[in-house]
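Enquirer: Right, I'll just put the structure down here and ask away after.
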Amino acid sequence: MGILSVLIFFPVLCGVALLVWPGERHAQIRGFATVASAVEFIVSLWLWFGFVPGGGFQFVESLDWISRYGIGYRVGVDGISLLLVLLTTLLTVIAVVSSYSAIQTGRKGYYASLLFLETGVIGAFLATDVFLFYVFWEVMLIPMYFLIGVWGGQRRIYATVKFVLYTMAGSLLMLVAILWTYQYSGGFSGHGTFNLLDWYGLGIPASAQRWLFAAFALAFAIKVPMFPFHTWLPDAHVEAPAAGSVMLAGVLLKLGAYGFLRFAIPLFPQGFEYFADTLWILSVIGIVYGAIMTLIQEDIKSLIAYSSVSHLGFVMLGIMALNLVGATGSLLQQINHGISTGALFLLVGMIYERRHTRKIADYGGIFAVVPVFSIAFLIVALSSIGLPGTNGFVGEFLILLGAFNARPIFATISTVGVILAAGYMLWLVRRVFFGPVVHAVNETIRDLTRRELATLIPLLALIFWIGIYPRPFLDRIGPDLESWLKRVRTVEMIKAPAWDRPTPFVPPEAVLSRAAGKTPGDGGTP
Amino acid sequence: MNFAAIMPEIILTAGLLFLMVMDVMTDGRRNLGWYAALFILAAGVAVVMQFDHIELGFSGMVMSDRFANLFRLIIYLGGFLATLTATAAWDGEAKSVFGAEFFSLLLASMVGMDLLVIGANLIVIFIGLEILSLPLYAMAAGQTQSDEAVEAGAKYFLTGAFASGFLLFGIALVYGATGSFAFEAIGNSYAAGPFSEPLLLAGGVLILIGFFFKIAGVPFHAWAPDVYAGAPTPTVAFFAAAPKAAAVGLLLRLVLTTFADLPLQTIIWWVSWLSMFVGNVWALRQRDLKRLLAYSGIAHVGYVLVGLCANGPGAASSIGFYLMGYAAMSVGAFAVIAAVEKAGKATTLDSVAGLGRRRPAIAAALSLFMFALTGIPPTAGFAGKFALFSEALKSGLLGLVIWAVLFSAVSVYYYLRVVVAIWMWPETGETANASRAGSGGYAVVLALAAIITLLLGIYPQPFLALAADSLVWLL
């Protein structure tokens, strides 16, 4: 039993223990959940310190599971999944602690759902067997379905059913593609394998790669979500309880981008090549559309949800640039988005607990009433915009650098998203916090309690840590992304069309790797 | 006269005689379900003990091989769980529907099912089908004070008679074409030369249709929703798994061996295609849980037929594996409905609204079965679909598999609606009634079904191996 198995199965065991726990006292239940998630987080820190950058899959475990079908229990962590796992364990602790007062009914089931969700997400990040990945990918739907459906807002049932239907519809087609690839790996004689590392070297014919990539990409694009598959997201976010939104935005959406990085693109590079233009266009549309949609939102949560659509468009942009800078930025931005948007949803949850409304119009001028809350919100909002000195700047800068290097025109259009982001976030801050207090009820809002502050401080610290000194993070993800790039680009370089080809200049990889004290690696210019 | 070949059937028959005697002796005041369950268990042990033997008996009329033994075990699993459900539904009255007659009929029907899977001769198959069906008609109509139950029995009888007609006509044509009733002789005569192909093909198709009626494959399904809705719920629990397993077992044997050279794939393909479509789409608008599960059952027949269409040893073993899981999860679902119905007298979605707050254990079990029927891991439903679709892709049935997963996605909606009702709807008066249900007997069957559903999903390897070892002999 290695550390990764502990990370995967500890939460689910704790969740089951919580469900059969005879006591009903709230302090016991939440205490148990807090301790369980905290222990999980501390154990996961071992990965951070024990991880060897560039060492490929580490802490690997491999057991036979369903050997008839070449299925194994295969897990491992590399630079791509490391930070995402840590983000998951951190956000779970925060989600648990932030729910103490917000959740009044069915607490056992609630905390158990959070722990089950943690197992599903971590399992999906760590699986290096495609069958195992699919199992976790589906399993995590169920706790999220309950979190939204049982503890959500007014239209929770509509939102949760929509969420599950969307996700299932996409992932079932992916299942067909997975099964087909399995049969291909065994030459259609039934002796294939589900080992991801073997799948990388299959050499599937380009014609098949197209539909296989399409099936995978659909599942992941729904999860990301990319335009036009995003419509479930605002509903799910608005209706989910605050901690559910934190987990949804913080880690569940990352699984979509992670899926592109880990599965869709490296498994089917030629399929990706075929659809690259479409994905670029959809990402750019997502960035601009998401940003514009925020401007007409009246609900703070749905505003943040649409800003997620925009931010995840950037994440996809970085991946599709297929160069080291872009991919690094994209991965870092996934973490950043988890931190910033997670914190935003937390803050909205806190103010909602006090005033039971999320309408922007119901607030105004509360800076003077709740200064600590307002400052925290401002910092997080600025990091979401990408102000230099915060984490958002590092991620977006690298992504745009990579994107310019691959497709300058698309990159230029997408910068509109950055400008709009500053606009909608600052406008939100102005409408909620500044000006006179319009509603008298708002004059008596309590400021943050110590518990609430405790949930925010780790996130605020990370915002500045990554913003000022991202090196420890970049060092851990960089080398594995280099080998990822080699794998992706073995077949054929992705060629940009003539109308959107970058002018050659010093490849930013050289700048980056010089900064990291390495010799320039493979060039980023196609 | 090789009695070893029919030892399990002898045990079941002894059981049904024993129950009748017991009924007279105890004046109908004892719950006899436990005895019936015990006899099924004993028959199962007999099967396990001779699992690897091939026993030919009665001049080659029956053949008890591994294939037959695997399907016997699946039938017994479904029958055993249904028996426990009916036992729990016994209300302690002398005139209970679930008295000795019920369990005797159930055991008799199981003998018929056994005959379908061990029969090696079309005459035995016909007799088996009749022994299977006649008790089912009576069981469907058993609740004589209920109009719906009587209507259900009558409908089931009429369509059943129709199906028997098809089967008999088919058998006659096959006999006309080949001059034999024995499976082996039919197969050989065809291999020797297709001297009367159209006749044989017509016979094969008619036999197939006869059994499509029994498993409720579209367009031969119209009876199923009415019968499911009208018949007593424990009876439906019995309908749901065991007869289907028997009929599918027989179809496998016919399609893979006796009729291996006939072009029957097209008709199976279409029935599968239609069943998935009709079952899943019609289920969307059902508010009655039994009707909903009836359409769900039709859809699942569609999935099973995907495997039958794939036509190979791997596909056959995945069907065996699928049916094991299906027996557990469908009977489990009906057991929950029986528990709810016993207290509340209704089986609509409203009658389970808010059940999660009152009866979390039962509600959790029903949710698990719904997730399993949807095919969400880590349950038997997912492992089964995985095995089926994987084998179908091996045979190049990409289009049918894509069709199947599309309608699996549709099915998410109606299965999850049940879960939504349980956990997310406010309670109704009916739920309050349901919360008073005694559940001692149900606890056993629900726990058993839940464990099997999860076990087959989490660690399917030994069961897949069992199914594969049993079915590889078929070819």
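The values are calculated or read from the model by the stated rules, or taken from the named source; none is laboratory data. Values in this document were obtained by computation on a predicted structure and should not be read as measured data. Cβ: placed from backbone, ideal geometry, glycine included. Neighbour counts: every protein chain shown.
Enquirer: Return the residues of the range A:66-84 that are away from every other protein chain (no Cβ under 14 Å) and more than 22 Å from the chain's Cα centre (by Cα); say none if nothing qualifies.
Expert: A:Arg74
Enquirer: Does B:Phe98 fit the bill of being modelled with pLDDT under 85 and surrounded by 24 or more Cβ atoms within 10 Å (Cβ to Cβ)? Quick ask: steps written out before the conclusion?
Expert: Working: modelled with pLDDT under 85: yes; surrounded by 24 or more Cβ atoms within 10 Å (Cβ to Cβ): yes.
Yes; evaluated as a whole, the condition is true for this residue.
Enquirer: Within the range B:46-94, can you find the residues that are free of Cβ contacts under 8 Å to residues at least 40 places away in the same chain and more than 26 Å from B:Asn121 (Cα to Cα)?
Expert: B:Glu93
Enquirer: Given the criteria more than 10 Å from chain B (Cβ to nearest Cβ), under 19 Å from A:Leu212 (Cβ atoms) and in a helix (DSSP H, G or I), does A:Phe133 qualify?
Expert: Judged against the criteria, A:Phe133 is a match.
Enquirer: Any residue in the range B:207-229 that's surrounded by fewer than 24 Cβ atoms within 10 Å (Cβ to Cβ): show its pairings with residues that are acidic (Asp, Glu) at Cβ separation under 6 Å, as long as the two are six or more apart or on different chains.
Expert: Short answer, once both residue conditions are applied: B:Ala229/B:Asp288.
Enquirer: Additional query: Collect the residues in the range A:137-180 that are more than 7 Å from chain B (Cβ to nearest Cβ) and either without any contact (Cβ under 8 Å) to a residue 24 or more places away in the chain or assigned to a loop (DSSP other than H, G, I, E, B) (or both), keeping them in residue-number order.
Expert: Those that are more than 7 Å from chain B (Cβ to nearest Cβ) and either without any contact (Cβ under 8 Å) to a residue 24 or more places away in the chain or assigned to a loop (DSSP other than H, G, I, E, B) (or both): A:Met140, A:Tyr145, A:Gly152, A:Gly153, A:Gln154, A:Arg155.
Enquirer: Right, next: Looking at this structure, is A:Ala411 closer than 14 Å to A:Val429 by Cβ and not in a loop (DSSP other than H, G, I, E, B)?
Expert: Against the criterion (closer than 14 Å to A:Val429 by Cβ and not in a loop (DSSP other than H, G, I, E, B)), A:Ala411 does not qualify.
Enquirer: Let me ask another. For the range A:347-372, give me the residue count where each residue is more than 14 Å from A:Leu303 (Cα to Cα) and aliphatic (A, V, I, L, M).
Expert: The qualifying residues number 7.
Enquirer: Can you name every residue in the range B:175-219 that is β-branched (Val, Ile, Thr) and at pLDDT 90 or above? Walk me through it before giving the result.
Expert: Taking the range B:175-219 as the starting set, the residues that turn out to be β-branched (Val, Ile, Thr) are B:178, B:186, B:205, B:207, B:209, B:215, B:218.
The answer is B:Val205, B:Ile207, B:Ile209, B:Ile215.
Enquirer: What helices (runs of 4 or more DSSP H) lie completely within the range B:313-428 and have 3 or more residues being under 23 Å from B:Ala241 (Cβ atoms)? Spell out how you get there, then give the answer.
Expert: Numbers: elements: B:313-344, B:355-358, B:360-374, B:380-394, B:398-424.
In the range B:313-428, the matching helices (runs of 4 or more DSSP H) lie at B:313-344, B:360-374, B:380-394, B:398-424.
Enquirer: Still on this structure: Does B:Ala241 count as more than 23 Å from B:Gly375 (Cβ to Cβ) and crowded, with 20+ Cβ neighbours inside 10 Å?
Expert: Values: more than 23 Å from B:Gly375 (Cβ to Cβ): no; crowded, with 20+ Cβ neighbours inside 10 Å: yes.
Taking the combined requirement at face value, the residue does not satisfy it.
Enquirer: Filter the range B:131-180 down to the residues that are crowded, with 19+ Cβ neighbours inside 10 Å and either assigned to a loop (DSSP other than H, G, I, E, B) or out of contact with any helix residue (DSSP H, G or I) (no Cβ under 6 Å at 6 or more places or on another chain) (or both) and list them by number.
Expert: The answer is B:Ala141, B:Gly142, B:Gln143.
Enquirer: Tally time: how many residues in the range A:138-151 are over 13 Å from A:Val164 (Cβ atoms) and surrounded by fewer than 24 Cβ atoms within 10 Å (Cβ to Cβ)? Before you say what the answer is, go through the steps one by one.
Expert: Here is the first cut: in the range A:138-151, the ones over 13 Å from A:Val164 (Cβ atoms) are A:150-151.
So of that shortlist, the ones also surrounded by fewer than 24 Cβ atoms within 10 Å (Cβ to Cβ) come out as A:150.
Selection size over the range A:138-151: 1.
Enquirer: Please find, among A:Leu91, A:Leu63, the residue that is within 14 Å of chain B (Cβ to nearest Cβ) and either in a loop (DSSP other than H, G, I, E, B) or of a type in the set (A, V, I, L, M, F, W, C) (or both).
Expert: Residue meeting the stated conditions: A:Leu63.
Enquirer: Could I ask something else about it? Looking only at the range A:352-389, how many residues end up being touching a Lys or Arg at 6+ places or on another chain (Cβ under 6 Å) and not aromatic (Phe, Trp, Tyr)? Outline the logic, then answer.
Expert: The initial filter retains those residues of the range A:352-389 that are touching a Lys or Arg at 6+ places or on another chain (Cβ under 6 Å), namely A:352, A:358, A:360.
Narrowing further to those that are not aromatic (Phe, Trp, Tyr): A:358, A:360.
Residues in the range A:352-389 being touching a Lys or Arg at 6+ places or on another chain (Cβ under 6 Å) and not aromatic (Phe, Trp, Tyr): 2 in total.
Enquirer: For the range A:250-269, state whether one or more residues are of a type in the set (Lys, Arg) and surrounded by fewer than 24 Cβ atoms within 10 Å (Cβ to Cβ). Please lay out each step first, then the result.
Expert: At the first step, the residues of the range A:250-269 found to be of a type in the set (Lys, Arg) are A:254, A:262.
Now drop any that are not surrounded by fewer than 24 Cβ atoms within 10 Å (Cβ to Cβ), which leaves A:262.
Yes: one or more hits.
Enquirer: Consider only pairs whose beta carbons are under 7 Å apart and that are at least six residues apart or on different chains; among these, list those whose first residue lies in the range A:36-61 and is surrounded by fewer than 14 Cβ atoms within 10 Å (Cβ to Cβ) and whose second residue is assigned to a strand (DSSP E or B).
Expert: A:Val52/A:Gln58
Enquirer: So which residues in the range B:401-417 are among the aliphatic types (A, V, I, L, M) and either within 7 Å of chain A (Cβ to nearest Cβ) or surrounded by fewer than 23 Cβ atoms within 10 Å (Cβ to Cβ) (or both)?
Expert: Residues of the range B:401-417 among the aliphatic types (A, V, I, L, M): B:401-402, B:404-406, B:409-410, B:412, B:416.
Once the filter is applied, which keeps residues that are among the aliphatic types (A, V, I, L, M) and either within 7 Å of chain A (Cβ to nearest Cβ) or surrounded by fewer than 23 Cβ atoms within 10 Å (Cβ to Cβ) (or both), the range B:401-417 yields B:Val401, B:Ile402, B:Val405, B:Leu406, B:Ala409, B:Val410, B:Val412, B:Leu416.
Enquirer: Could you count how many residues in the range B:369-381 are of a type outside the set (Ser, Thr, Tyr), within 11 Å of chain A (Cβ to nearest Cβ), in contact with a Ser or Thr (Cβ under 9 Å, 6 or more places away or on another chain) and more than 12 Å from B:Tyr303 (Cβ to Cβ)?
Expert: Residues in the range B:369-381 being of a type outside the set (Ser, Thr, Tyr), within 11 Å of chain A (Cβ to nearest Cβ), in contact with a Ser or Thr (Cβ under 9 Å, 6 or more places away or on another chain) and more than 12 Å from B:Tyr303 (Cβ to Cβ): 1 in total.
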